[in-house]
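K.L.:
So that we are looking at the same thing, I have put the structure below in structure tokens.
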Amino acid sequence: MAPRVRFAPSPSGYLHIGSARTVLFNYLFARSTGGALVLRIEDTDPSRSKEELAYQMADTLLWLGIDYDEGPRKGGPYGPYFQSQRTERHRAAAERLLAEGKAYRCYCTPEELAERREAAVLAGRAPRYDGRCRTLTAEEARALEAAGRRPAVRLRVPEEGVTVVHDAIYGDVEFDNAALDDFIILRSDGMATYNFASVVDDIDMRITHVIRAEEHLSNTPKQIHVYRALGVDPPVFAHVPMVLAPDRSKLSKRHGAVAVEEFREKGYLPEAIVNYVALLGWSPGDDREIFTMDELIREFSLERVSRTAAVYDVQKMEWINAQHLRRLPPAEVARRALPWLRKAGLAAEGAQVDQRLTAAVALVLERVRTLAEIPAAIEFFFRAPETYDEAGVRKHFAAEGAAERLAACRRIAEEVPSWTAEAIEAAYRAEAERLGVRPAELIHPTRLAVTGRTVGPSLFHLLELVPRDEAVRRLERAEAFVRAHAARA
RNA sequence: GCCGGUAUCGUCUAGUGGCCUAGGACGCCGCCCUCUCACGGCGGAAACCGGGGUUCGACUCCCCGUACCGGUACCA
């Protein structure tokens with residue numbers, strides 16, 4: 001039977017980087033084994049239920065290239081894929097356990113429970129449910145019911161013995177049943193709790209492998225008891241280590257960007273996010289670090305997933321993003337950068353990628369790490385500089401004879417036989433020789449005059465993309481600037 | 001508190017008893033390339049949590065401790 005795995009997030013509206021890693025592993029496992037990935041939204045907590053948020057999350061998965069097989073927006077034979085729409089199944093399952101005596105009604109109120117729990121902790125005892133409703137007689141139950149109490153349903157958990165989780169990543173992990181209490185599977189409002197709903201749904205959806213975050217490992221014995229009570233063999237469990245913030249705490253919003261959507265807005269490529277996140281807790285066993293999705297599918301295996309929590313590091317992700325950026329054709333990078341170019345006013349609303357844009361992007365491709373950096377990097381191709389870099393002015397505009405050299409450069413721009421990088425370079429070097437200066441003494445002032453900066457692409461290649469008359473104007477303006485300042489000094 | 005897990009450079013990791021003088025990558029520093037920046041190349045600093053065992057031999061196996069993470073809800 002082909003494996004079936006699932007990703008079951010609560011709908012928060014954004015995809016946490018740790019969750020992204022979890023889905024990715026599920027997806028890689030599914031694709032590498034010929035299995036299917038199900039997306040199920042766990043929205044049983046009514047305060048968190050928002051269908052629209054779930055669709056946003058689904059779109060983010062698709063954007064990442066995680067093309068799940070069943071779930072919201074896709075449908076499938078085991079729907080509905082919103083847990084809130086499966087409450088009848090949960091209730092039916094609970095009824096069955098009740099009828100079979102494997103579960104019982106508990107009439108304690110949340111307030112009473114909290115009180116007792118507090119008392120237990122104070123007394124140094126384990127804060128477990130004491131099982132007082134376990135042996136209620138029918139009359140007692142009726143009396144409680146008559147008093148207006150709405151019961152919750154608890155699972156009868158064996159009081160002795162050991163439950164072992166056979167984890168594909170952590171190995172066999174043993175838990176004493178005595179440490180568990182009879183936990184609630186159905187709340188008094190009739191809604192199933194997580195440990196119950198998710199098992200019932202996993203059974204209904206024929207899930208064979210549960211690959212999820214390590215934080216669920218401790219709850220797995222409870223779920224195994226639910227499987228047993230329901231008479232179903234548990235699936236294979238595989239818990240993947242947590243992703244932590246740089247301070248080793250749980251990654252949260254106060255650590256800056258933690259959602260895939262935020263990285264998307266910051267100009268990260270889906271390929272890079274996938275690649276980086278794959279390396280968090282998984283490694284191929286050799287020195288390779290840059291992978292495409294197809295390569296990951298080919299290489300991935302649960303056996304190579306580590307057991308150690310990983311601290312997430314933006315700098316490395318930036319580097320990986322730069323790697324992927326450079327592997328893309330410049331025209332494609334330009335296309336993807338369009339939204340940022342529009343925002344910067346460098347591209348019109350309906351603008352398409354043209355040759356000049358592509359050439360400009362090609363020149364800065366090795367100088368940027370994200371799409372968001374592109375507008376600033378190529379701005380001077382479209383607009384004359386409004387100011388000159390201050391340190392640059394001191395260095396290249398303040399020297400003796402700076403104005404004359406700029407004038408010489410302007411003449412080259414006017415007279416060079418063809419406006420190509422080769423021709424311009426030849427003219428510059430010849431002129432430098434004639435003047436008896438190093439080529440750099442012409443090159444740097446020109447760059448500052450044309451781009452306003454001291455850093456950037458090779459001058460001659462850059463000039464080629466600036467219209468000749470525009471280059472002449474910028475050089476003239478720089479010459480005037482230098483003369484004005486020299487006069488004042 | 002109790003239960004569970006984990007522990008290799010700052011970070012991601014390789015390593016499954018001798019191949020380890022502990023390898024790679026990001027970041028950092030230096031040099032080279034060079035019209036600047038970047039890319040690239042070369043080099044450097046940087047780690048086996050502590051203590052006991054087991055063994056001819058432990059980063060690797062066992063125990064204890066410590067630290068960190070997770071669970072312990074009518075949250076998921």
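K.L.:
Collect the residues in region A:216-238 that are more than 22 Å from A:A30 (Cα to Cα) and either within 10 Å of RNA strand B (Cβ to nearest atom) or in contact with a strand residue (DSSP E or B) (Cβ under 7 Å, 6 or more places away or on another chain) (or both), keeping them in residue-number order.
P.N.:
Listed by number, the residues that qualify are A:S218, A:N219, A:P221, A:K222, A:Q223, A:I224, A:H225, A:V226, A:A229.
K.L.:
Right, another one. Would you list the helices (runs of 4 or more DSSP H) that sit entirely within region A:344-416 and hold 2 or more residues that are at pLDDT 95 or above and closer than 16 Å to A:L475 by Cα?
P.N.:
Working: elements: A:355-364, A:374-378, A:402-415.
Those helices (runs of 4 or more DSSP H) span A:402-415.
K.L.:
In region A:450-487, which residues are under 41 Å from the mean Cα position of the chain (by Cα) and part of a helix (DSSP H, G or I)?
P.N.:
Answer for region A:450-487, where residues must be under 41 Å from the mean Cα position of the chain (by Cα) and part of a helix (DSSP H, G or I): A:V450, A:T451, A:L459, A:F460, A:H461, A:L462, A:L463, A:E464, A:L465.
K.L.:
For region A:462-470, indicate whether the set of residues that are within 10 Å of RNA strand B (Cβ to nearest atom), at negative phi and in contact (Cβ under 8 Å) with a residue 40 or more places away in the chain is non-empty.
P.N.:
yes
K.L.:
Can you spot a residue in region A:293-302 that is assigned to a loop (DSSP other than H, G, I, E, B), in contact with a strand residue (DSSP E or B) (Cβ under 9 Å, 6 or more places away or on another chain) and more than 6 Å from RNA strand B (Cβ to nearest atom)? Don't jump to the end; show me each part of the working.
P.N.:
Residues of region A:293-302 that are assigned to a loop (DSSP other than H, G, I, E, B), as a first pass: A:300-301.
The next check asks that each one be in contact with a strand residue (DSSP E or B) (Cβ under 9 Å, 6 or more places away or on another chain); those that pass are A:300-301.
From what is left, the residues that are more than 6 Å from RNA strand B (Cβ to nearest atom) are A:300-301.
Looking through region A:293-302, at least one residue is assigned to a loop (DSSP other than H, G, I, E, B), in contact with a strand residue (DSSP E or B) (Cβ under 9 Å, 6 or more places away or on another chain) and more than 6 Å from RNA strand B (Cβ to nearest atom).
K.L.:
Still on this structure: Name the single residue, out of those in region A:70-87 being within 24 Å of A:D182 (Cβ to Cβ) and more than 26 Å from the chain's Cα centre (by Cα), that is surrounded by the most Cβ atoms within 10 Å (Cβ to Cβ). So that I can check it myself, show each step before the final result.
P.N.:
In the first step, residues of region A:70-87 are kept if they are within 24 Å of A:D182 (Cβ to Cβ); the result is A:83, A:86-87.
Now narrow it down to the ones that are more than 26 Å from the chain's Cα centre (by Cα): A:86-87.
Values: A:R86: 20, A:T87: 15.
So the residue we want is A:R86.
K.L.:
Spot the failing condition for A:L280; the list is (1) within 12 Å of RNA strand B (Cβ to nearest atom); (2) surrounded by fewer than 17 Cβ atoms within 10 Å (Cβ to Cβ); (3) of a type outside the set (G, A, S), and only one is missed.
P.N.:
(2)
K.L.:
Among all residue pairs at least 6 apart or on different chains, which show Cβ distances below 7 Å where the first residue, located in region A:120-139, is more than 16 Å from A:P110 (Cβ to Cβ) and the second is among the aliphatic types (A, V, I, L, M) and surrounded by 11 or more Cβ atoms within 10 Å (Cβ to Cβ)?
P.N.:
A:A126/A:A120
K.L.:
Could you tell me how many of the residues in region A:421-443 are within 17 Å of A:L465 (Cβ to Cβ), surrounded by fewer than 18 Cβ atoms within 10 Å (Cβ to Cβ) and within 13 Å of RNA strand B (Cβ to nearest atom)?
P.N.:
Final tally of qualifying residues: 2.
K.L.:
Could you check region A:137-163 and list, in sequence order, the residues that are assigned to a strand (DSSP E or B) and either surrounded by 14 or more Cβ atoms within 10 Å (Cβ to Cβ) or more than 13 Å from RNA strand B (Cβ to nearest atom) (or both)? So that I can check it myself, show each step before the final result.
P.N.:
Within region A:137-163, the first condition is being assigned to a strand (DSSP E or B), and the residues that meet it are A:152-155, A:162-163.
The answer is A:A152, A:V153, A:R154, A:L155, A:T163.
K.L.:
Continuing with the same structure: How many of the residues in region A:1-27 are under 12 Å from A:A213 (Cα atoms) and polar (S, T, N, Q)?
P.N.:
Summing the residues that are under 12 Å from A:A213 (Cα atoms) and polar (S, T, N, Q) in region A:1-27 gives 3.
K.L.:
Would you tally the residues in region A:183-208 being charged (D, E, K, R) and either outside any helix (DSSP H, G or I) or free of Cβ contacts under 8 Å to residues at least 40 places away in the same chain (or both)? Before the answer, list the steps.
P.N.:
First, the residues of region A:183-208 that are charged (D, E, K, R): A:187, A:189, A:201-202, A:204, A:206.
Retained after the next criterion (residues that are either outside any helix (DSSP H, G or I) or free of Cβ contacts under 8 Å to residues at least 40 places away in the same chain (or both)): A:187, A:189, A:206.
Number satisfying all stated conditions: 3.
K.L.:
Does A:S10 satisfy the criteria of being over 16 Å from A:P235 (Cβ atoms), crowded, with 16+ Cβ neighbours inside 10 Å, hydroxyl-bearing (S, T, Y) and touching a Pro at 6+ places or on another chain (Cβ under 6 Å)? Explain how you work it out, then say what you get.
P.N.:
Working: over 16 Å from A:P235 (Cβ atoms): yes; crowded, with 16+ Cβ neighbours inside 10 Å: yes; hydroxyl-bearing (S, T, Y): yes; touching a Pro at 6+ places or on another chain (Cβ under 6 Å): no.
Spelling it out, it is not the case that A:S10 is over 16 Å from A:P235 (Cβ atoms), crowded, with 16+ Cβ neighbours inside 10 Å, hydroxyl-bearing (S, T, Y) and touching a Pro at 6+ places or on another chain (Cβ under 6 Å).
K.L.:
Moving on. Given the conditions (1) in contact (Cβ under 8 Å) with a residue 24 or more places away in the chain; (2) over 14 Å from A:H239 (Cα atoms); (3) near RNA strand B (Cβ under 6 Å from one of its atoms); (4) outside any helix (DSSP H, G or I), report the number of the one that A:W319 does not fulfil.
P.N.:
(4)
K.L.:
Can we say A:Y55 is surrounded by fewer than 24 Cβ atoms within 10 Å (Cβ to Cβ), over 15 Å from A:D202 (Cα atoms) and among the hydroxyl-bearing types (S, T, Y)? First the steps, then the outcome.
P.N.:
Values: surrounded by fewer than 24 Cβ atoms within 10 Å (Cβ to Cβ): yes; over 15 Å from A:D202 (Cα atoms): yes; among the hydroxyl-bearing types (S, T, Y): yes.
Yes: the conditions hold for A:Y55.
K.L.:
Test each condition in (1) at positive phi; (2) crowded, with 16+ Cβ neighbours inside 10 Å; (3) in contact with a strand residue (DSSP E or B) (Cβ under 8 Å, 6 or more places away or on another chain) for A:G267 and report the one that comes out false.
P.N.:
Evaluating A:G267 over (1) at positive phi; (2) crowded, with 16+ Cβ neighbours inside 10 Å; (3) in contact with a strand residue (DSSP E or B) (Cβ under 8 Å, 6 or more places away or on another chain) leaves (3) as the failure.
K.L.:
Sort out which residues of region A:320-349 are farther than 24 Å from A:R383 by Cβ, touching an Asp or Glu at 6+ places or on another chain (Cβ under 7 Å) and surrounded by 17 or more Cβ atoms within 10 Å (Cβ to Cβ), and write them in order of number. Walk me through it before giving the result.
P.N.:
Filtering region A:320-349 down to residues farther than 24 Å from A:R383 by Cβ leaves A:320-324, A:326-329, A:332.
Restricting the remaining residues to those that are touching an Asp or Glu at 6+ places or on another chain (Cβ under 7 Å) gives A:324, A:326.
Across region A:320-349, the qualifying residue is only A:H324.
K.L.:
Does A:A478 satisfy the criteria of being among the hydrophobic types (A, V, I, L, M, F, W, C) and either away from RNA strand B (no atom under 16 Å from the Cβ) or free of Cβ contacts under 8 Å to residues at least 60 places away in the same chain (or both)?
P.N.:
No: the conditions fail for A:A478.
The values are calculated or read from the model by the stated rules, or taken from the named source; none is laboratory data. All values derive from a computational prediction rather than experimental measurement. With ideal geometry, Cβ positions are generated from the backbone for all residues, glycine too; neighbour counts draw on all protein chains shown.
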